[in-house]
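Student: Quick one: this structure, given as structure tokens, is what I'll be asking you about.
The values are calculated or read from the model by the stated rules, or taken from the named source; none is laboratory data. Just so we're clear, the structure is a prediction, and the values are computed from it rather than from any experiment. Cβ placement follows ideal geometry from the backbone for every residue including glycine, while neighbour counts extend to all protein chains displayed. When the accessible area is computed, the model is the full protein with side chains, heavy atoms only, and any ligands, DNA or RNA have been set aside. Shrake-Rupley method; radii C 1.70, N 1.55, O 1.52, S 1.80 Å.
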Amino acid sequence: MLNINNRRYSSTKKYRNALFLLLVFSLTITNHLFAQAALTPAQAAAVSTTNQGPGNATNVSARINGTNVTFYTNNFNATRRGRVTSFTPTTGTSNAINNEITRLSNLPGTSGGVIYLRRGGSNIYNFNNTIRLRSNIRIAIDPQVTLRLANNRVVLFSIGREGNNLTRLRNVEIVCASNNTNDRFTIDFRPRPGIASDPINRDNIRSNNKPNINPATAFRVGFVKNFAISGFQINGNYTTNPSVFIVADDDRSSLNTFDRIATNGVVRNASANRIATGYALVQLFSGNNIFLQNLNGTEGITVRLEPGNGRGVAGDPINARGVPQTDGAITNIRLDNITNRNGYTSLFMQPHSKLCENIDANRINAINSFCSVFITSPVLQIFPNRRRGRFSNVNIRTVTIRGNNPTIPVTGNLQARTNAVRNGSFFNAQMNLESTVFLLPAHREAVRNVFRDSRSSMPRPGFPTLFPVDGSRVRFASQTSAGVIIASSLTRSNVGPANLGRYGVNINANNVTGSFANANNGRRVLYRSDAISPIANSANTPLDCFIDGEEDQPGTPCGQIGFGN
């Protein structure tokens, strides 16, 4: 009996041990799945369902000039959402993140997953190299997190910008890990105080304490279809590249990749400060079916629709001869709720050699900026008649402009007036050289009077020295001028010759409102013929009339004329 009982006990014990081992094995597997992510199952579920970016809730579609367009389709299924790998500031090096992106993208069957950058410790991630996205990857970032580059001469996130060696990426997200659309993660391009070896600080010292002018880029977007970027704040430092740079796959003249562009994408719920006047929070060199929404810029430009830079063949290969005017063009763009403060403009458009079309812009706002919308022609000196591009089917729906321009003295002691004109306290907006022809009358009068009295002692061209420079040290400070400036069209009813790069846009002046809607000659919308030299009527001036970065009448001193040629 004892033997029987012992055998029964032995069998029961073996059964219990087997159950115990099975339980341990199950827990081990479960823990392994989340140990890599260091998340509880509930945390993993929360990260995988974040919908700010736009996440899993809905697809993103909107109308462009009456036609419904789908900009983003959610393809993150349950399998991809369930693969969550998390990092902390301690473990989240650029190499570790890139290795995990590669692993997830190479999984058999349904590849892809979620990279989660969690808060923790200092909440600061310091990256030495670019994070390179692949298809079916979502990067979710806690709103408390700050991302920094060890060297601000590189790109932080690269999406499909690898030249001929890359097939088109699909289904990519970089989003704030929150369902609150007001939450932001931060990208910090400012110099780090107290770090003498910081490359940014060394550059500042070499350039006599001028701000950083390194070409840092937060997001570089190339050959990708179906992407979403949202929920971020850029702490800028007047870097000489856009924060979000949507560009052809590779714009080197040796590679024929100008038609490999970003399509079907969303950039929204984002902001940036200390933007250089010649750059932007978001710039499209190229792009098709792109939705830009809820974007706020301080200084500089918020959204720039400009394919290339207009510097000529050597510096602007996408616009070179032999490249079709439709390759790398900007088409089917929806803009909604775009705002700029203390800068140049909320929306800037210049086509160079490209044939761009279907732009629908609504709720374009500016506060203490030069204007809300600035639209201009190609640079005539660069592009011959047959290569001048245009924007067609452009609708600007509602625009607001608000400004607070202090009065600049125009009489009295020359040195006092000069100091007053140059004094930054009178200027809360920014502009480039061509915009000086659209100054407020009082602003133009102050500059002209000082220039007349002091031009003999000023270097040629003289008058720009009367404008304080903006934070980038390469553009000018100014005052609020007008709601909308359409330098691509002679007048509302007369666009002008297409061979000179003239084109019109659809806008109702009654939809341009704000405290400075009637500030410039009683006009809410200014056209090319409204331009006046900032030193008009000054005899024998050493400066000709500038617009589009060139002289409209080479060799002819400026009179009080509009630029209608």
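Student: Round to the nearest 0.05 the FRET efficiency obtained for residue 259 and residue 492 when R0 = 41 Å and r is the Cβ-Cβ distance.
Tutor: That gives a FRET efficiency of 0.70.
Student: Is there a quick way to get the dipole size of the stretch 82-176? I mean about its Cα centre, with the Cβ of Lys and Arg at +1 and of Asp and Glu at -1; what is the value in debye to the nearest 20?
Tutor: 120
Student: Give me the number: length gained by fully extending residue 67 to residue 442, i.e. 0.36 nm times residue separation minus the C-alpha to C-alpha distance, one decimal in nm.
Tutor: Going from the current span to full extension adds 130.6 nm.
Student: Same structure, new question: Per-residue accessible area for residue 346 at 1.4 Å probe radius, Å² rounded to 10?
Tutor: 0
Student: Taking amide hydrogens as modeled 1.01 Å from N in the peptide plane, which residues meet the under 5 Å criterion relative to residue 129, leaving out close sequence neighbours?
Tutor: 94
Student: Could you give each residue of the stretch 360-377 its phi-based ³J(HN,Hα) in whole Hz, using Karplus coefficients 6.51, -1.76, 1.60 with θ = phi - 60°, and x for Gly or Pro?
Tutor: With the stated coefficients, the stretch 360-377 comes to 10, 10, 9, 6, 9, 10, 9, 10, 6, 9, 4, 7, 8, 9, 10, 10, 9, 8 Hz.
Student: A further question follows. At a Förster radius of 22 Å, what calculated FRET efficiency corresponds to the Cβ-Cβ distance of residue 190 and residue 473, to the nearest 0.05?
Tutor: 0.85
Student: Apply the Karplus curve 6.51 cos²θ - 1.76 cosθ + 1.60, θ = phi - 60°, to the phi angles in the stretch 390-400 and return the couplings in whole Hz, x for Gly and Pro.
Tutor: Each residue of the stretch 390-400 in turn: 6, 9, 10, 6, 9, 10, 9, 8, 10, 9, 10 Hz.
Student: Residue by residue through the stretch 499-513, which ³J(HN,Hα) values in whole Hz follow from phi under the Karplus form 6.51 cos²θ - 1.76 cosθ + 1.60 (θ = phi - 60°), with glycine and proline marked x?
Tutor: 3J(HN,Hα) across the stretch 499-513, in whole Hz: 5, 9, x, 8, 7, x, 9, 8, 8, 9, 4, 5, 8, 9, 10.
Student: Note the full-extension length gain between residue 240 and residue 393 as 0.36 nm times their separation in residues minus their Cα-Cα distance, in nm to one decimal.
Tutor: Answer, rounded to one decimal: 52.0 nm.
Student: Let me cross-check residue 118: its accessible surface, 1.4 Å probe, with only protein heavy atoms counted, in Å² to the nearest 10?
Tutor: Result for residue 118: roughly 50 Å² accessible.
Student: Moving to a separate point now. Could you calculate, for the stretch 321-417, the ratio of the Cα radius of gyration to the Kirkwood radius, expressed as Rg to Rh?
Tutor: In the stretch 321-417, Rg relative to Rh is 1.15.
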